[in-house]
1. Output the peptides 267-273, 334-340, 159-165 sorted from most to least packed, where packing is the average of other Cβ atoms within 10 Å over each peptide's residues.
2. Quick one: which of 393-402, 187-196, 256-265 comes out on top by average Cβ neighbours within 10 Å, and what's the full order, highest first?
3. For the range 1-77, compute the orientation-averaged projected area of the C-alpha convex hull (one quarter of its surface), in nm².
4. With each run of n ≥ 4 DSSP H residues scored as -39500 (n - 2.57), what mean residue ellipticity at 222 nm is computed for the chain after dividing by its residue count and rounding to the nearest 500 deg cm²/dmol?
5. Pulled fully out, how much extra length does the chain show between residue 277 and residue 35, if you take 0.36 nm times their separation in residues and subtract their Cα-Cα distance?
6. Need one number: % antiparallel among DSSP beta bridges in the range 209-337, to the nearest 5.
7. Please label the shape of the chain as rounded, prolate or oblate, based on the square roots a ≥ b ≥ c of the eigenvalues of the alpha-carbon gyration tensor (a/c under 1.5 means rounded; beyond that, a/b larger than b/c means prolate, else oblate).
8. For a protection proxy built on the mean count of beta-carbon atoms within 10 angstrom, sort 28-39, 356-367 highest first, please.
Amino acid sequence: MALRITNEANRCLQCKKPLCQQGCPAHTPIPQIIALFKENRLMEAGEKLFENNPMSVVCAMVCDHMAQCAGHCVLNHKGQPVHFYEIEQYISDAYLDRMKLEKAPYNGKNCAVIGSGPAGLTAAIILAKAGYGVTIFEEKDRIGGMLQYGIPDFRLPKTILDRYKTRLLELGIRIRPHVVMGGDLMIDNLFRDGYKSVFVGTGVWRPSSLGIEGETLANVHFGISYLARPISYTVGETVAVIGMGNVAMDVARTAFRHGARRVMLFQRGSKPAASDHEMEYAQLDGAEFFPGKSIQRITPEGPVFKNTVLNDQGRPIGVEGEDELVPADTTIIAINQRPKDKLVNTTHGLEANERGLLIVDEHNMTTRPGVFAAGDVVHGSLTVVHAVEEAKNAAAGMIAYMEEEK
Ligand SMILES: Cc1cc2nc3c(=O)[nH]c(=O)nc-3n(C[C@H](O)[C@H](O)[C@H](O)COP(=O)(O)OP(=O)(O)OC[C@H]3O[C@@H](n4cnc5c(N)ncnc54)[C@H](O)[C@@H]3O)c2cc1C
Ligand code: SF4
């Protein structure tokens with residue numbers, strides 16, 4: 001491992017205009033980090049990574065590297081890009097336990113963070129370091145959002161989130177688990193109780209349904225619910241997954257690890273939404289892919305499809321042929337997620353677009369003054385690093401807003 005990442009660091013050309021940095025949505029200063037690493041200045045490198053992206057260690061593990069940093073490295077032209085994320089993971093993992101977090105003295109102002117996914121955690125860390133009192137309100141038992149309840153353990157060990165929690169508590173951040181904002185408590189209650197601004201990072205947790213016959217049967221489940229606690233489900237030996245995006249790949253791979261012997265994935269169109277990387281792993285695990293299949297209904301024996309008629313661009317324009325029953329013990333629907341609407345329904349002035357996503361301005365302030373939002377609840381299901389980058393902007397907006405109030 002040590003030799004491998006040292007070799008990777010030595011292969012970096014220290015480009016004057018680093019394309020890898022441009023390809024990273026968080027603009028990680030990759031050449032600088034590699035230079036510090038090569039000089040054995042591990043903690044300085046870790047600090048720089050954390051200041052730029054508090055979720056660095058997570059991103060290093062789950063980013064779509066070939067679409068981002070590694071995919072932009074100039075050495076791609078010669079065959080092998082620098083695998084910076086491996087260096088980043090090593091540094092940030094070491095830093096997570098050894099960091100000495102400095103924070104400004106408490107300035108007497110409190111803010112609330114709703115949701116403890118990567119967006120909420122990033123905002124909370126930045127605000128706490130700037131001297132604000134921060135309380136996180138989280139609907140679930142544990143922190144992390146989709147890092148905890150979506151991305152499977154074999155891709156992202158959950159112990160990382162316990163280590164984050166220790167750091168949050170050291171920073172003086174308070175966590176209130178099992179509180180549904182917009183249900184148990186309202187955003188108006190927060191302002192009543194003196195919070196000066198509110199961050200919303202509630203993500204997209206409502207699975208999209210197919211709107212077809214059979215969705216309520218006992219052998220049908222939603223992908224994101226399944227991933228949250230696969231142990232609660234008995235999927236049998238043959239599983240049909242509807243959808244071929246990244247979530248569907250995680251569902252397939254998780255099913256193999258919980259008793260399934262055959263997992264088939266189906267989608268209407270011809271081009272899967274999942275990244276090549278995720279599909280390759282699912283394929284290695286044994287998943288079988290069937291694009292061009294339009295689901296008609298689900299029966300206790302399994303899903304029923306017709307073949308999709310595709311236009312010249314590969315887009316579905318209709319169906320043809322006979323019904324085809326695919327025998328399966330369980331059908332798991334993993335097509336998309338949308339935000340829940342509790343907060344919009346209970347917060348005066350908080351507006352969402354037609355997809356239920358919160359509307360924000362360039363500082364990530366919502367239509368309700370003092371309420372900021374970032375992450376999936378703003379742009380729809382995307383990535384950890386995008387949630388982080390947006391949350392940084394929102395936290396800066398909150399600080400400016402609270403300063404102005406003074
Ligand atoms: C199965 C799966 C695999 C993924 N794999 C990857 C990957 O490999 N790489 C990658 O970059 N991205 C991946 N993603 C996407 C990534 O996880 C999300 O983009 C990211 O987590 C979004 O962060 P967030 O903070 O906006 O929301 P979330 O992570 O969804 O966190 C929202 C939090 O808010 C809480 N909450 C919601 N409503 C309320 C409420 N009313 N009151 C209190 N708390 C509330 C939730 O419980 C949750 O903890 C994956 C997503 C899924 C579902
Ligand atoms: S944050 Fe993600 S995209 Fe950026 S350098 Fe790290 S692994 Fe690459």
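Quick note: the coordinates plus some simple rules give every number you see, no bench work behind them. Keep in mind the model is a prediction, meaning the values are calculated, not measured. Cβ atoms come from the backbone with ideal geometry, glycine included; neighbour counts cover every protein chain shown.
1. Numbers: 267-273: 17.9, 334-340: 20.9, 159-165: 15.7.
The most tightly packed comes first, giving 334-340, 267-273, 159-165.
2. Values: 393-402: 20.2, 187-196: 15.7, 256-265: 18.1.
Packing proxy ranking, top to bottom: 393-402, 256-265, 187-196.
3. Details: hull surface 20.2 nm².
Averaged projected area of the range 1-77's Cα convex hull equals 5.0 nm².
4. Values: 17 runs with 153 residues, N = 406.
-10500 deg cm²/dmol, from helical runs alone.
5. Details: separation 242, 0.36 × 242 = 87.12 nm, distance 2.85 nm.
Full-extension gain reported as 84.3 nm.
6. Values: 12 of 27 bridges.
Given both bridge residues lie in the range 209-337, the antiparallel proportion sits at roughly 45 percent.
7. Numbers: a/c = 1.96, a/b = 1.27, b/c = 1.55.
Here the chain falls in the oblate category.
8. Answer by packing, highest mean first, reads 28-39, 356-367.
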